[in-house]
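Data block below; observations after.
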Amino acid sequence: MRRPVRIAVTGAAGAISYSLLFKIAAGEMMGKDQPVILQLVELPHAMDSLRGVAMELMDCAYPLLHTITLHDNVEDGFSNAHYALLVGAKPRGPGMERRDLLEENAQIFARQGKALNDFANRDVKVLVTGNPANTNALIASRNAPDLSPSQFTCLTRLDHNRAKGILANHCGATTRDIGGIMIWGNHSPTQYPDLHQATILGKPAMAQIDTTWYRDEFIPKVQKRGGEIIEARGLSSAASAAQAIVDQMRDWVLGTEPGEIISMGLLSDGSYGIAKGIFYSFPVICNYGRYQIVQNVEINEFSRQRLTATEQELLDEKAAVEEMLPKETEASHQSLSICLRSGVTLYADNTGPDADSKFMTTNRVL
Ligand code: NAX
């Protein structure tokens, strides 16, 4: 049996975690041969509820669940964590402006970034789900000077999965028949679900669907799916969000299938002309525990307008939390680079071969 890995989860007594933790313990995220230690973090007032969740996890007698620890602070909860799933966040209350939401969450994610920097494993992989996810990921990453920004991502896999499911349902296909879905930008209603590269049974999707349906129904449906679910269920999406977290982290760690493209929120390296220094959803492939932005996707005028609109929203969000972004990490977030050694072993920033080594270098985000 392998050594267990440590997975920290914040918001562990919340709705998403009530699905997520059981999937992780069952081996759906890290693989069926990987034991896990769950380090569950909640706010002090939710610790009783968290104890109940821990009892249920125990009662499932999962063979892969090595240990559960409960924490009312992130500094303890992130200790030596190999993976950190930042699910907990302050929800938008009645009468609260988006700006207030950004500011309140900025405090939370700045502290979490510092705690990851000071207490987590040096190779920790971080996935931010709590909203506003992209900007929260930026704040956490900017507050972790000793970690590489490439260790932080935010969740846009739910949007990706939604687009796939809705397209399959519309065409009478199954999701296995569909490839090439791309979500660009922010996890918000400005996100752009792009079907121009998508295929259904290996043939271009755009040739098999009505353009009017794509523009007037499909795009807004994916963008506003979260609200539609709240209206129907009276509660926000939880099980589907948990599945998306499992999918995104599993693909990042274990790799995407050959030929498969997924969507992931990550620090922009300037690809597709998107401003550097914001967390933006790009099409990626994953291998060797790293991700790489798919290059040379054709962007038509229709797509470009949407890529720019969602980019602008993220730049505005960044401006609203500027005082929570330490100056010392500005440069590292403007020039993300990575060395690629003989195409086999990949190193993150500062751990690769010297500049004059015979190995190829690339400035791609990985
Ligand atoms: P819940 O309100 O059910 O649970 C959140 C939990 O987080 C609560 O138990 C709360 O006590 C805890 N919490 C809050 N602040 C914390 C902190 N600083 N440290 C530790 N725990 C903290 O929300 P849930 O439905 O589970 O959703 C969680 C977050 O995911 C929300 O911010 C939500 O907006 C966001 N979502 C993001 C999605 C995405 O695709 N990026 C989709 C699903 C979801 O809407």
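Per residue, the chain reaches -10500 deg cm²/dmol at 222 nm when only DSSP H runs of four or more residues are counted, each adding -39500 (n - 2.57).
Between the amide H of V128 and those of L86, T153, C154, L155, distances stay under 5 Å, these residues lying 5 or more places away or on another chain, with hydrogens modeled in the peptide plane.
Which lysines, if any, have their Cα less than 20 Å from the Cα of K114, not counting same-chain residues under 8 positions apart? Here the lysines satisfying the reach criterion relative to K114 are K90, K125, K318, K327. Positive contributions from Lys and Arg (+1) and negative ones from Asp and Glu (-1), summed over other residues with Cβ under 12 Å from the Cβ of Y62, come out at -1. From most to least packed by mean Cβ count within 10 Å, the peptides 23-34, 41-52, 241-252 give 241-252, 23-34, 41-52. Extending 7 Å from the Cα toward the beta-carbon at both T69 and A207 defines two label points whose distance is 5.6 nm.
Here the relative contact order of the chain, from alpha carbon pairs under 8 Å that lie six or more residues apart, stands at 16 percent.
Summary of the geometry: the range 65-126 and the range 258-310, compared by the centres of their Cα atoms, lie 25 Å apart. Which of these, L235, L38, L314, has the largest mean-square fluctuation under a Gaussian network model of the chain (Cα springs below 10 Å)? Highest fluctuation of the listed residues: L235.
Note on A319 and K224: with the Förster distance fixed at 25 Å, the Cβ-Cβ geometry gives a FRET efficiency of about 0.50. The simple spin-label model puts a point 7 Å past each Cα toward its Cβ; for A239 and K327 those points are separated by 5.2 nm.
Placing dummy labels 7 Å off each Cα toward the beta-carbon, the span from D48 to C60 is 2.4 nm. In the elastic network of the chain, a GNM with C-alpha springs shorter than 10 Å, the most mobile of Y192, Y288, Y83 is Y288. The trypsin sites (Lys or Arg not before Pro) of the range 134-225 that meet both conditions, a loop assignment by DSSP and at most 14 other Cβ atoms within 10 Å of the site Cβ, are K224.
Note: relative contact order over the range 157-315, using C-alpha pairs below 8 Å and six or more positions apart, is 27 percent.
The R304 and I166 beta-carbon pair, evaluated with R₀ = 25 Å, returns a calculated FRET efficiency of approximately 0.60.
Each peptide in 296-309, 101-114 was scored by the mean count of other Cβ atoms within 10 Å over its residues; highest first, the order is 101-114, 296-309.
For L254 and N296, the difference between the fully extended length at 0.36 nm per residue and the C-alpha to C-alpha distance is 12.7 nm. When the chain is treated as a Gaussian network with alpha carbon springs shorter than 10 Å, the biggest mean-square fluctuation among T211, T175, T129 belongs to T211. Rounded to the nearest 0.05, what FRET efficiency is calculated for E231 and A15 with R0 set to 22 Å and r the Cβ-Cβ distance? According to the calculation, E is roughly 0.85.
Values in this text are rule-based calculations from the coordinates and carry no lab data. All values derive from a computational prediction rather than experimental measurement. Cβ sites come from the backbone with ideal geometry, for glycine too, and all protein chains shown count toward neighbours.
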